[in-house]
Amino acid sequence: MKKYLLLLVVIFGLFSCDDDSETTGQVTFFLNPVFNGAEVLPNEVIQTEDGRNFSMKELRVYFTDIFLINSDDQKVRVNTIDLINWPSNNTISATVPIDQYKSIEFHVGLDEATNSLNPIDFEDSNPLSADQEMHWGMIKYRFVSFIGNVDTSAVGDLQPVNLIQYHLGRDSLYSEVTINNTFNVVGALQTYPLTFEVNELFTGASGDIDIAVHRTNHSGELDMDKASIIMHNFVEALETN
Amino acid sequence: MKVGIKGIAIVLMILVGWSCAEDPPKTAELELYVFPTINHFSSMPENAENPATKVGVALGRKLFFDPILSKNNTVSCATCHESAKAFSSSFPVTPGVDGAVGRRNAMTLVNLAWYKSFNWDGKEDHIRDQNIIPVQDPNEMALTWPEAVTRISGDDEYFAEFEEAFPEEDVSQATITKALEQFQMTLISYNSPFDKFIREEVQLSPQAIRGFEIFRTEKGDCFHCHSESNSPELFVTTRLIFTNNGLDTVSTLNEFADNGFGDVSGIQQDNGKFKIPTLRNLAFSAPYMHDGRFNTLDEVIDMYNRGPAPSPNVDEAMLADAEKRLEELGHWGLNLTPQEKSDLKAFLLSLSDEEFINNPEFQAPF
């Protein structure tokens with residue numbers, strides 16, 4: 001009798017040790033700036049819609065509270081807070097249940113409570129730390145930092161050498177994004193781009209920015225209207241193809 | 001030779017005596033120096049390679065004020081880094097041994113643990129390595145390190161103190177600079193009026209408050225290089241360390257009188273760039289800038305108020321903001337009114353810590 005009992009226990013133990021990895025999969029999202037659909041490289045010369053040369057040097061963005069939503073409208077968390085540093089540190093990864101998801105929701109920026117935190121309270125590696133240098137006393141955290149160059153000459157077809165610096169922040173620019181798309185998460189790593197046409201930062205449904213003229217924005221009180229245009233153009237331009 | 005019982009007994013007694021002699025304390029057993037807890041600063045970076053001990057700090061303090069480390073025994077570290085000046089210098093460039101003069105102003109020594117590089121040109125990454133240079137520099141203390149070690153080793157008092165502070169090491173350049181480093185790590189300033197204001201212990205004057213607003217907004221545009229939120233310990237930036245702040249007009253990158261960081265990096269584009277200095281204790285640390293050219297804070301503010309002088313590699317953010325001001329407001333500089341300049345100065349002075357310069361633990365021990 002004891003022998004059979006022991007056998008049952010062993011069998012039960014074997015069955016109960018299901019491999020968890022069969023129910024979860026790895027997903028990675030990466031920021032993917034493009035120009036006419038093609039990947040943009042750092043400092044690559046590209047053109048605005050009216051033909052002016054410019055380039056991107058660095059793009060830093062807080063992506064927060066990313067969720068995948070399945071067909072039952074259940075939300076699966078991908079992250080809480082990540083700071084993308086394009087081009088150097090450009091990905092957000094997570095382990096999520098295997099499923100076919102129908103949309104993704106996330107925020108660009110930090111909610112009001114997080115935006116009020118003190119950067120010196122975090123370890124250097126934390127995305128909110130002082131070491132990231134995304135915090136200014138003037139506006140608290142910068143949600144988006146865009147650095148590039150533009151040619152401001154009359155013709156605009158020369159090598160871009162004049163600095164563009166857009167530092168977008170303040171609570172009013174905290175933006176929610178929902179993108180409907182199919183995300184088939186299986187066991188193996190799945191990689192999804194967060195793509196945006198770079199030009200659409202400056203020309204979009206929220207308004208237009210002449211980057212040859214408006215090259216600096218620190219989200220100061222007088223510049224919030226333009227900061228808002230750039231931020232909203234950015235979030236509207238994001239897609240996951 | 002016959003060895004009698006007495007002889008054996010004597011030998012045994014000697015052996016027992018030796019074996020019972022107190023072993024010198026190992027480094028790990030030395031009493032650590034207790035640094036203050038400062039809640040409104042980020043965590044003090046650890047110095048695992050040279051943890052500060054009470055005896056090490058005391059030794060370093062003595063060395064700091066002792067001219068024994070100079071060729072003719074006339075110049076100490078404190079000659080250029082005066083405690084009453086927040087460990088900066090009264091001179092644009094302090095004369096060294098025999099009146100020899102270098103080319104740079106002695107930087108204030110404060111909150112050094114939070115810096116990522118040292119000297120105006122960032123030549124060294126560690127405080128103790130920075131200590132090597134002035135001793136041997138002919139324009140400063142002009143003493144070779146072998147001679148420095150000989151002097152210290154040959155002094156009975158120092159020899160005993162080194163044995164106590166570094167029980168597992170000989171007197172050497174390494175231990176001398178480590179002792180100095182341990183003392184310098186203790187030079188922490190955190191009780192200025194602004195610090196107390198942040199801790200909600202005092203109110204700042206309305207003028208200083210107005211000045212703070214100028215400092216942290218595009219009005220003064222100071223925040224690009226001096227961050228109070230990311231670096232409350234130093235008021236510098238954490239990513240940008242070296243920059244050309246628009247001091248001098250030059251046409252090419254080869255025209256700078258002092259290449260600064262460019263001589264360390266070997267990159268021409270870095271010529272004319274210097275480490276962004278702390279804004280703490282400005283009330284005591286005149287003159288200002290890497291060459292001590294400005295005697296007063298008013299001159300410093302006037303320099304920034306006029307806008308960056310043209311040069312090929314002036315700080316990009318400064319330049320972009322100046323260009324924006326010119327396009328949108330019609331002026332290149334900040335265009336601060338006399339009242340605004342006075343307000344900004346009042347704020348900057350609020351970062352000066354009387355308790356720091358009067359701390360008896362930071363004065364000469366003899």
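Where does helix B:206-215 land angle-wise versus the long Cα axis of chain B, in degrees 0 to 90, nearest 10?
In chain B, helix B:206-215 runs at an angle near 90 degrees to the longest axis.
Work the Kirkwood hydrodynamic radius out for chain B: mean of 1/r over every pair of different alpha-carbon atoms, inverted, in Å.
Over chain B, the inverse of the mean reciprocal pair distance is 22.7 Å.
Once you average over the residues of A:127-137, how many Cβ atoms of partner chains fall within 10 Å of each Cβ? Please report the intermediate quantities before stating the final value.
Numbers: counts 0, 0, 3, 9, 5, 3, 8, 2, 5, 8, 12.
Mean partner shielding for this stretch: 5.
Given the Cα-Cα distance of residue A:77 and residue A:172 and 0.36 nm per residue of separation, how much length would full extension add, in nm? All intermediate terms of the calculation are to be shown ahead of the outcome.
Working: separation 95, 0.36 × 95 = 34.20 nm, distance 2.40 nm.
So the extension gain works out to 31.8 nm.
Work out the mean other chain Cβ neighbour count within 10 Å for the residues of B:27-33 and drop it here as an integer.
Numbers: counts 0, 0, 0, 0, 0, 0, 0.
Per residue, the number of nearby Cβ atoms from other chains is 0 on average.
Any chance you could give the angle, 0 to 90 degrees and rounded to 10, that helix B:54-65 forms with the longest Cα principal axis of chain B?
Rounded to the nearest ten degrees, it is 60.
Points 7 angstrom from Cα along the Cβ direction at residue B:156 and residue B:39: gap in nanometres?
Here the modelled spin labels are 5.1 nm apart.
Hey, got the dipole for chain B? About the Cα centre, +1 on K and R Cβ, -1 on D and E Cβ, debye to the nearest 20?
Numbers: 30 positive and 55 negative charges, 45 e Å.
The calculated dipole for chain B is roughly 220 debye.
Mean residue ellipticity at 222 nm from the helices of the protein assembly as shown, using -39,500 (n - 2.57) per DSSP H segment of n ≥ 4 over the full residue count, to the nearest 500 deg cm²/dmol?
Details: 18 runs with 168 residues, N = 607.
Calculated mean residue ellipticity at 222 nm is -8000 deg cm²/dmol.
About the Cα centre, and with charges only on the beta carbon of Lys, Arg (+1) and Asp, Glu (-1), how big is the dipole of chain A? Nearest 20 debye, please.
Working: 13 positive and 35 negative charges, 121 e Å.
Using Cβ point charges on Lys, Arg, Asp and Glu, chain A gives about 580 debye.
Got a sec? Charge dipole of the stretch A:105-168, +1 on Cβ for Lys and Arg, -1 for Asp and Glu; which of A:148, A:127, A:106 is way out at the positive end?
Checked the options; the winner is A:148.
Among B:236, A:163, B:335, whose Cα sits farthest toward the positive end of the charge dipole of the protein assembly as shown (+1 at Cβ of Lys/Arg, -1 at Cβ of Asp/Glu, about the Cα centre)?
Farthest along the dipole direction, towards plus: B:236.
5 Å is the cut-off here: which amide hydrogens, built 1.01 Å from N in the peptide plane, fall below it relative to residue B:246, excluding neighbours closer than 5 in sequence?
Amide H neighbours of residue B:246: B:315.
What percent does the relative contact order of the stretch A:144-183 come to when contacts are Cα pairs within less than 8 Å and at least six residues apart?
Numbers: 38 pairs, mean separation 15.2, N = 40.
About 38 percent, as a whole number.
Helix A:224-237: angle to the longest alpha-carbon principal axis of chain A, degrees 0 to 90, nearest 10?
For A:224-237 against chain A, the angle is about 50 degrees.
Explain nothing, just the number: relative contact order of chain A, from Cα pairs under 8 Å at least 6 residues apart, as a whole percent. Provide the component values of the computation, followed by the final result.
Working: 515 pairs, mean separation 57.3, N = 241.
Value for chain A: 24 percent.
Arrange A:77, B:210, B:61 by Cβ neighbour counts within 10 Å, fewest through most, would you?
Numbers: A:77 11, B:210 19, B:61 24.
Listed from fewest to most nearby Cβ atoms, that is A:77, B:210, B:61.
Once Lys and Arg get +1 and Asp and Glu get -1 on their Cβ, which of B:313, A:38, A:172 lies farthest toward the positive end of the dipole of the protein assembly as shown?
Result: B:313.
What whole-number distance in Å separates the alpha-carbon centres of the stretch B:27-50 and the stretch A:173-241?
When both Cα centres are located, 44 Å separates them.
If you place +1 on the Cβ of every Lys and Arg, -1 on the Cβ of every Asp and Glu, and leave all else neutral, what size is the dipole of the stretch B:38-87 about its Cα centre, to the nearest 20 Debye? List each step's numbers first, then the result.
Details: 5 positive and 4 negative charges, 40 e Å.
It works out to roughly 200 debye.
As a footprinting exposure proxy, order B:117, A:219 by other Cβ within 10 Å, with the fewest listed first.
Values: B:117 16, A:219 26.
Final ranking by Cβ density, sparse to dense: B:117, A:219.
Based on other C-beta atoms within 10 Å, arrange A:173, B:180 from fewest to most. Intermediate values should be presented prior to the final figure.
Values: A:173 23, B:180 26.
Listed from fewest to most nearby Cβ atoms, that is A:173, B:180.
How high is the relative contact order of chain B, in percent, with contacts defined as C-alpha pairs under 8 Å that are six or more residues apart?
Numbers: 626 pairs, mean separation 73.3, N = 366.
Dividing the mean separation by the residue count of chain B yields 20 percent.
Any read-out appearing in this document is the output of simple, stated calculations on the displayed coordinates, not a laboratory observation. What you are looking at is a predicted structure, and each value in this text was computed from that prediction instead of being measured. For neighbour counting, all protein chains shown are included, and Cβ atoms are generated from backbone atoms with ideal geometry for every residue, glycine included.
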